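Shown next, in structure tokens, is the structure this report addresses.
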Amino acid sequence: VLSYLHSQTPQIIYRDIKPANVMSLDDTDAVKLIDFGIARFFKPGKRRDTIELGTDGYAPPEQYGKSQTDVRADVYALGAMLHQLLTLRDPVTVPFQFPAVRTLNSRVSRTVEAAIKRAVQSSKAKRFQSAAEMKQALVGDGRPRVKKRKPAKPVVKQAAPPVRSGL
């Protein structure tokens, strides 16, 4: 959904990703965003947004008047939402701080943990530069990953000691 919005001309910045605004359709893989009340068009050359709106805990620092929001604001909010869904930690409790995912849920893969950590960086320059880049980090090419087995160590057989007969 974000890749679609961000590919429009001009780009549409959603600015309000949170669990309450994401709906999945029963028995499908379809996901819908609802409530476009604070979505905006990206305006090249502007230093900051005209109106500072967002949901505490999900909105990135730049959404509080520091600079213009761009696609990386949606990447941040998606990272904050994924962090909450995988750890059950509400991002409102301590805004802009996200403990390592695996310290709260050890069943999450290191790959997913690293992607979320990068998505919620305070500096937008350190985040994924697009939703597509974040998706690639989260799921790769979409094919199931097969664990590679370590090659078996060669078995070295030692020659049996010669049998001596007492004859």
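The values are calculated or read from the model by the stated rules, or taken from the named source; none is laboratory data. Keep in mind that this is a model prediction, so the values were computed, not measured. Every residue, glycine as well, gets a Cβ built from its backbone with ideal geometry; the counts of neighbours run over all protein chains shown. Remember, those area values only see protein heavy atoms, side chains included, never the ligands or the DNA or RNA. Shrake-Rupley method; radii C 1.70, N 1.55, O 1.52, S 1.80 Å.
List of remarks:
- Cβ-Cβ FRET estimate between Y4 and S106, R0 fixed at 22 Å, reported to 0.05: 0.05
- Within the full protein context, the accessible area of R102 is estimated at about 70 Å² for a probe radius of 1.4 Å.
- Radius 15 Å from Cβ of R102, net charge of other residues (Lys, Arg +1; Asp, Glu -1): +4
- Straightening the chain between S24 and V139 buys 39.5 nm, computed as 0.36 nm per residue apart minus the Cα-Cα spacing.
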